1. Of (1) modelled with pLDDT of 90 or more; (2) out of contact with any Pro (no Cβ under 8 Å at 6 or more places or on another chain); (3) open to solvent by less than 50 Å² (accessible area, probe 1.4 Å); (4) of a type in the set (A, V, I, L, M), Ala152 satisfies all except one. Which?
2. Just to be sure, is Ala54 part of a helix (DSSP H, G or I), hydrophobic (A, V, I, L, M, F, W, C), within 27 Å of Gly150 (Cα to Cα) and open to solvent by less than 20 Å² (accessible area, probe 1.4 Å)?
3. Kindly provide the set of residues from the stretch 232-287 that are in contact (Cβ under 8 Å) with a residue 24 or more places away in the chain and basic (Lys, Arg), ordered by number.
4. For the stretch 90-118, enumerate the residues that are surrounded by 18 or more Cβ atoms within 10 Å (Cβ to Cβ) and modelled with pLDDT under 90.
5. Can you spot a residue in the stretch 237-246 that is open to solvent by 30 Å² or more (accessible area, probe 1.4 Å) and over 30 Å from Pro67 (Cα atoms)?
6. Taking the conditions exactly as written (of a type in the set (Asp, Glu) and surrounded by 14 or more Cβ atoms within 10 Å (Cβ to Cβ)), does Glu87 satisfy them or not?
7. Taking the stretch 161-183, which residues are surrounded by fewer than 16 Cβ atoms within 10 Å (Cβ to Cβ), at negative phi and over 18 Å from the mean Cα position of the chain (by Cα)?
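The values are calculated or read from the model by the stated rules, or taken from the named source; none is laboratory data. All values reported here derive from a predicted model rather than from experimental measurement. Every residue, glycine among them, receives a Cβ derived from its backbone with ideal geometry; neighbour counts consider all protein chains shown. Remember, those area values only see protein heavy atoms, side chains included, never the ligands or the DNA or RNA. Shrake-Rupley method; radii C 1.70, N 1.55, O 1.52, S 1.80 Å.
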Amino acid sequence: MPSLKDLKNRIASVKATQKITKAMKMVAAAKLRRAQEAAEAARPYSQRMGIVLANIAQAVGSDDSAPRLMTGNGKDDVHLLVVCTAERGLCGGFNSSIARFARDHARKLLAQGKTVKFFCVGKKGYDSLRREFADMIVERTDLREVKRIGFADADAIGRKVIGMFDRGEFDVCTLFYSEFKSVISQIPTAQQIIPAAPAETAAQDGAAALYEYEPDAAGILTDLIPRNISVQIFRALLENVAGEMGAKMSAMDNATRNAGEMINKLTLSYNRQRQAQITKELIEIISGAEAL
């Protein structure tokens, strides 16, 4: 049984931990609002970009002049999985859910005889995937020094991916991230970005209308598709930031409550042991007095 001093030290330690988790919860809550606004603001632009891309792709059709980023190279043998996770932990199962989703997808592709390569964006995803797929990780991007995600960060990743495709290092690229729904709900999502399949929403918003393109539709696609890849990566990074803050807020709230319950239990044990010790000392004093 621990002594009174040990219990007292442990209570003080848990109280100190509780102060830290409470502060981290407040910090995450403050960052969540800004991150959520950024993620929600990026969605309409990303969706509209997909609609415009689909409209132009319909005009091009199966023309040989269409860029390879849209039509692909005709093969489906090598898959690049771009896995976006957070740089830090203490956010519950946020990072592990994305890594698990990508891991399951990779196993399915390997079972079909495909070659799988990983592009890890974020330290936690890299740490999780390297345990099983260390030899398949071909690229890694670290954003720990970036205080606020900007389009330039996503564009740099997009240029790397496009460069790998131009060099023939893969045939299909799929982006993995967590879509933010609420503080307690983040949904792991997979989105194919190369070949840039036209968005299904095109038929809902003027896809049947006729447009004239200048200089031509194929030339516009050549400039638009690389930008769309960077936009989709940018949206994924923003969704991840919002999801990370929401998951961290929820995890720190649970940790704070658990610390409070532990403090109550330790305090109860401390008081019981202290009372038992006082009772024992009183009995010894009374027994000694009676012996005299």
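1. Here Ala152 clears every test but (3).
2. So Ala54 fits the description; yes.
3. Result: Arg235, Lys248, Arg274.
4. Cys91, Gly92, listed by residue number.
5. Yes: one or more hits.
6. Working: of a type in the set (Asp, Glu): yes; surrounded by 14 or more Cβ atoms within 10 Å (Cβ to Cβ): yes.
In short, yes.
7. If the condition is that a residue be surrounded by fewer than 16 Cβ atoms within 10 Å (Cβ to Cβ), at negative phi and over 18 Å from the mean Cα position of the chain (by Cα), then Gly163, Asp166, Arg167, Glu169 are the ones that fit.
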